[in-house]
Amino acid sequence: MRKTAQSRKPQKKKARRAAAEDGKSPAPVSVEEMREMEGHAARLERLSQLLLNTAQQAFYVYDHQRRKFLLGHEQISGLYGYKAGEIEGQKDGWFGIVHPDDRELVRESSRQMLADRSNDVRELRMRIRRKQGGYEWIQVHQRVFERDEAGTAVLEVGMVRVITPMVETEAAAKDSRAVWRGLFENNTCGVVVFDCSMRVTDANPMLCRLLKYDRKTLLRLDILDLVATGSRAEVEKLLRCMGGGQQVPASFETRLETRNGTQIDVLAGATCRRDDAGVCRECMMIFTDVSARKAAEAVLKRELEMNRVLIENTPIAIGLLDSEGHIQRLNRAAEDLLGIKSSDAQGMLVWELPMMPAEEVPVSRKRFEGLVRGEETPGRLLTLYAKGGQVRHVIAEASVVRTNHQIEHIVVTGIDVTERKRLESEVIRVAEQEHVRIGADLHDGVGQTLAGVASLTEALVQTLHGEARKDTERILELLKTAQEEVRRLSHGLAPSAVKNRDLAGGLRLIAETVRLNFRRECECLLDDSIQISDKEAETHLFRIAQEAVNNALRHGGARKIRLGLRRHDKNTCLLEIVDDGSGFSTRKADVESLSSGIGLRVMEYRANLLGGQLKIHAQPGRGVRVTCYFPAALLKEGGLTIS
């Protein structure tokens, strides 16, 4: 019964439609049909409201004959921030808010849709100016909904959707792809892309050049085919760990093999792209050629090993300090010299070493501070006390190693000259003994012979007359002059005045000799309280003064000489010889030329043997100042009052 009733409904509709076409009055509508039409109309109303009120999109119906929206006017205007009718009131209407670059496209699309007899859906993208400023990207789907008897479009329906975020995303993705492609193609490192089966899917030009393959050949290989045989197991393990989601190193070193079999050291980095489920879909590896670096590292390693062997086996003591003077490392020679292990000395200040004499600490600190400031600090002789009380004489020098104007290390070198100083001292002692012997021989031999000849000549004078007597008297005068010269030479070679008096007395004797024998002015400014405890040291100081005075007379032509002996500071005394002679240039070449003479070298040796320092200041035409600084430790106890 229900089926029969339902089958009658379409028949009734067809009958009413046929009657309408024939111009006859349609059959009356039943209540049931009325309810059905009302339900259908309600569904259409809900659908139209859904289309009209969906955010960021609008449904419209446009009447081309009446040139007005029949549906969706308010919604489509609101997409761009306008109210219904505002756009039509502007110049050029709707075309006025279309981006200038898109207007021709919109006109052409509209012209084709109206001219074409097809009712197919057309899609169009364009930019629409917002009321608040700027442009909104939209996507329009439109079609002709109704045409008149002539086929002219009457009604147009369409859906407008705002797609600005999507367009921006697409642009960003496009830029990202362009950047990625640029980085991939122009990368200075070799880049390879491969799938989860390790088959190569892409390779950049640099990798092709690096491995000497063409790209087509590379795409037929597996990633492990590029790795040298000895490195494949390790690389395969790393890649499988990465594919399984395990942590792997950000980079690692391995070796690749080129097409001709040459192996290349590379630094490799690997990453993978995973899907939403975390499954690895694609992998990429970047290879940086480090062959040159590895070769340089090998050379550097050999040089470092060679330097280590040289430093550890050199007889020169070497120590590394930081910018504050803390010891960082000592070589073997330094350990032997100082009697302390490098590990035990680390962190100690160099002037706090137990073998450093107390009087040397302030001097060393001052020199170190000057070195850090960039001042020139020439090498100097140090006296150290090793374990067991042994005295070691060391010539120490220091240099600064800077990186970017910052102090990285201070290198201190020391040459143990204890044995050399002992030999020098022995040479000086033997020479002094020879001086004494020669002086004694002159005094007791030649001097006595001259005295005997003079006595005989004096007796002979008494027996002669006339010219013979005068000639003999002249000979007698020459004999007495020779006798005086021999006496002076013997006293100079064997300074009995120093032994019988003291240093001050010996210096006065030098001054007296200058005044009497050379007729030159010689002044003494001496502190008689300075008493030297060691006779050998006293002799060295006397000889330094004697040599300086002789140089002033013979080479400088000095008319005035001053001898000084005084206290310099708490730990130092000085012997000073100043003359007004011709002087000399202090240029390095001139000083080296003068230093090559035996006299100056012996003076320096003597000063070094005392643990002192010899300084020479001179200017052409303005004389010379010779200063010998020597430690106050050489003085007799109570011989010098120290304030």
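Of the accessible area of the chain, computed with a 1.4 Å probe over protein heavy atoms only, carbon and sulfur atoms account for 53 percent. In this structure the chain gives 60 Å² per residue of accessible area when probed at 1.4 Å with all protein chains present. Using only Cα atoms and rounding to the nearest 10 degrees, what angle (0 to 90) does helix 503-517 make with the longest principal axis of the chain? Relative to the chain, helix 503-517 is tipped by roughly 70 degrees.
Nearest 10 degrees is fine. How inclined is helix 232-243 to the longest principal axis of the chain, computing both from alpha carbons? Taking the Cα atoms of the chain, the angle to 232-243 is about 50 degrees.
When Rg and Dmax are taken over the Cα atoms of segment 307-411, they come to 13.4, 44 Å. Near Lys366: Cβ cut-off under 13 Å, other residues only, Lys/Arg at +1 and Asp/Glu at -1. The net charge is -1.
Relative to the current alpha-carbon distance between Asp222 and Glu484, full extension at 0.36 nm per residue lengthens the span by 83.5 nm. Using C-alpha pairs below 8 Å separated by at least 6 residues, the relative contact order for the chain is 5 percent. Note the angle between two axes, namely the Cα long axis of helix 360-372 and the longest principal axis of the Cα atoms of the chain, as a number of degrees from 0 to 90, rounded to the nearest 10. Between helix and principal axis, roughly 40 degrees. Give the label of the value calculated from the structure for percent of Cα pairs over 39 Å apart, choosing from [x] 42; [y] 47; [z] 69. After the calculation, the listed value that fits is [z]. Against the criterion of solvent-accessible heavy-atom surface with a 1.4 angstrom probe, Tyr605, Tyr213, Tyr385 sort, most first, into Tyr385, Tyr605, Tyr213. For the pair Asn187 and Glu108, what calculated FRET efficiency results from E = 1/(1 + (r/R0)^6), where r is the Cβ-Cβ distance and R0 = 30 Å, to the nearest 0.05? The value I calculate is 0.10.
Restricting the GluC sites (Glu not before Pro) of segment 131-186 to loop positions (DSSP other than H, G, I, E, B) with no more than 10 neighbouring Cβ atoms within 10 Å leaves Glu149. Taking label points 7 Å from Cα along the Cα-to-Cβ direction, Glu467 and Lys560 give a separation of 5.0 nm. With contacts taken as Cα pairs under 8 Å at a separation of at least 6 residues, segment 117-168 carries a relative contact order of 31 percent.
The values are calculated or read from the model by the stated rules, or taken from the named source; none is laboratory data. Fair warning: this is a prediction, and the values are worked out from it, not measured in the lab. In this analysis, Cβ positions are derived from the backbone assuming ideal geometry, glycine residues included, and neighbour counts consider all displayed protein chains. Accessible surface areas use protein heavy atoms only, side chains included; no ligands, DNA or RNA. Shrake-Rupley method; radii C 1.70, N 1.55, O 1.52, S 1.80 Å.
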